[in-house]
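A.B. asks: Encoded as structure tokens, here's the structure I'll be asking about.
The values are calculated or read from the model by the stated rules, or taken from the named source; none is laboratory data. In this text, all values refer to a predicted model and were calculated from it rather than measured experimentally. Positions of Cβ are backbone-derived with ideal geometry, glycine not excepted, and every protein chain shown enters the neighbour counts. Areas reflect the complete protein model, heavy atoms only, side chains present, ligands, DNA and RNA absent. Shrake-Rupley method; radii C 1.70, N 1.55, O 1.52, S 1.80 Å.
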Amino acid sequence: MGWLSAGDGYEVALVDGRVAARATSGRAAGRQLKSLPRALRDHPEVDRLRRFAEWLDRHALACLAQVDSWMVSSLPVPTGLLARVWPDEAWQLALRDLAVVGDDPDEVGFLRGATEDGELRVVNLDGETVRLSPRTVTLPHPVLLPNLDDIREFAAELSIVQRVEQIHRATWQRPEDLDPKATEIREFSGGSFRSRFALAARASSLGYRVSGGYSMARVRDGGRTVEASVWIGEPYWEDTVETGGLAWQDHDGRALPLREVGPAAWSEGMRMAAALYAGRTIEEGKNA
């Protein structure tokens, strides 16, 4: 966006997400000012740019949330859709350098670009830039990526920085020796918080949905929707509260035996429980 006239002697524009001004006359003509002159603070153009900047911030957050949901659930995304949104800077920042998989599930590459005709440019694990044009691609959950440690090491060599946490996302593998009848994990239960409000606020700040007495994370795993939940206390409870157990349920609300929980749903549920537990109150003199 270029500079817009804003009254006598000034122009305004969005610079790095904030409204900036420059003089159009005098010694300072053409130079950006360190701060917005008082005479411009209530100018209609300044107000319009502020509202536009707020919309851009919301749009960027929405793009990140959408890409994160694609990745967490490893949903197939039409290549043509990625090509259409790529010119949008907010979409591009959310998508750039994510690990993607096309027709061959063993061929992983980091997304670097998309053309108008639906072709993707990726850097493969041999360090070569290749072009792919599958009908759909997957942004895999890291627990599903083969040789994740090798991918992380290669990404470090390339100085890969992901806006959506993927390859460096904390992951948990489901143990093989689970009780066939078990439906709950207690590893992160007993984390004490000063109030239920504080625990619910932590859950919300981490991006989890709070419903009733639970913090919840929904994941589409293996073709079905699974919801992980951690007990965080009764609503409006004002006294000290502790995190409860972690459990999973299917779309119909049926409690899932732990052995039936898929890898992505397991990892995301454990990630939520661990993140909530990490914010607990630790009494002085006690081990963390």
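A.B. asks: Mind checking whether some residue in the range 226-238 is surrounded by fewer than 18 Cβ atoms within 10 Å (Cβ to Cβ), over 24 Å from Q66 (Cβ atoms), touching a Ser or Thr at 6+ places or on another chain (Cβ under 6 Å) and among the β-branched types (V, I, T)?
C.D. replies: Looking through the range 226-238, none of the residues is surrounded by fewer than 18 Cβ atoms within 10 Å (Cβ to Cβ), over 24 Å from Q66 (Cβ atoms), touching a Ser or Thr at 6+ places or on another chain (Cβ under 6 Å) and among the β-branched types (V, I, T).
A.B. asks: Still on this structure, please answer the following. Among the residues of the range 4-39, how many are under 33 Å from the mean Cα position of the chain (by Cα) and among the basic types (K, R)?
C.D. replies: 1
A.B. asks: Could you check the range 40-67 and list, in sequence order, the residues that are open to solvent by less than 50 Å² (accessible area, probe 1.4 Å) and within 17 Å of the chain's Cα centre (by Cα)?
C.D. replies: Result: H59, A60, C63, L64, V67.
A.B. asks: If I filter the range 1-14 down to residues being open to solvent by 40 Å² or more (accessible area, probe 1.4 Å) and in contact with a strand residue (DSSP E or B) (Cβ under 7 Å, 6 or more places away or on another chain), which single residue comes out as farthest from D88 (Cα to Cα)?
C.D. replies: So, considering only residues that are open to solvent by 40 Å² or more (accessible area, probe 1.4 Å) and in contact with a strand residue (DSSP E or B) (Cβ under 7 Å, 6 or more places away or on another chain), the one farthest from D88 (Cα to Cα) is Y10.
A.B. asks: If you take the residues of the range 21-35 that are of a type outside the set (S, T, Y) and either out of contact with any Lys or Arg (no Cβ under 9 Å at 6 or more places or on another chain) or touching a residue at least 40 places away in the same chain (Cβ under 8 Å) (or both), which of them is most open to solvent (accessible area, probe 1.4 Å)?
C.D. replies: Applying the filter and picking the extreme gives R27.
A.B. asks: Given the options D150, D179, name the one that is within 18 Å of D97 (Cβ to Cβ) and either touching a residue at least 24 places away in the same chain (Cβ under 8 Å) or in contact with a helix residue (DSSP H, G or I) (Cβ under 6 Å, 6 or more places away or on another chain) (or both). Walk me through how you get there before you give the answer.
C.D. replies: Working: D179 fails: within 18 Å of D97 (Cβ to Cβ).
One residue alone meets the criteria, D150.
A.B. asks: Please go through the range 264-288 and pick out each residue that is farther than 16 Å from L199 by Cα and surrounded by fewer than 18 Cβ atoms within 10 Å (Cβ to Cβ).
C.D. replies: Residues of the range 264-288 that are farther than 16 Å from L199 by Cα, as a first pass: 264-270, 283-288.
Residues satisfying the conditions are E283, E284, G285, K286, N287, A288.
A.B. asks: Let me ask something else. Given the conditions (1) modelled with pLDDT under 95; (2) assigned to a helix (DSSP H, G or I); (3) not polar (S, T, N, Q), report the number of the one that G118 does not fulfil.
C.D. replies: The failed condition is (2).
A.B. asks: Could you give every pair whose Cβ atoms fall below 7 Å, whose first residue belongs to the range 74-89 and is among the small types (G, A, S), and whose second residue is surrounded by 14 or more Cβ atoms within 10 Å (Cβ to Cβ) and not in a loop (DSSP other than H, G, I, E, B), counting only separations of at least 6 or pairs across chains?
C.D. replies: Going by the 7 Å Cβ cut-off, the qualifying pairs are S74/T138; S74/L144; S74/A264; A83/A114.
A.B. asks: In the range 86-109, which residues are buried (at least 18 other Cβ atoms within 10 Å of the Cβ) and over 17 Å from the mean Cα position of the chain (by Cα)?
C.D. replies: Selection gives W86, V101, G102, V108, G109.
A.B. asks: If S195 meets every condition in (1) over 23 Å from P142 (Cβ atoms); (2) open to solvent by 30 Å² or more (accessible area, probe 1.4 Å) apart from one, which number is that one?
C.D. replies: (2)
A.B. asks: List the pairs whose first member sits in the range 240-251 and is under 15 Å from D221 (Cβ atoms), whose second member is open to solvent by less than 10 Å² (accessible area, probe 1.4 Å) and assigned to a loop (DSSP other than H, G, I, E, B), and whose Cβ atoms are under 7 Å apart, counting only residues at least 6 apart or on separate chains?
C.D. replies: W248/L256; W248/V261; Q249/L256; D250/L256
A.B. asks: On to the next question. Under the condition of being part of a loop (DSSP other than H, G, I, E, B) and open to solvent by less than 40 Å² (accessible area, probe 1.4 Å), which residue from the range 130-150 is farthest from W248 (Cα to Cα)? Before the answer, list the steps.
C.D. replies: Step one: of the range 130-150, the residues part of a loop (DSSP other than H, G, I, E, B) are 133-135, 139-141, 145-147.
Keeping just the survivors that are open to solvent by less than 40 Å² (accessible area, probe 1.4 Å) gives 134, 139-141, 145.
Working: P134: 34, L139: 23, P140: 21, H141: 18, L145: 23 Å.
Per the stated criteria, the residue is P134.
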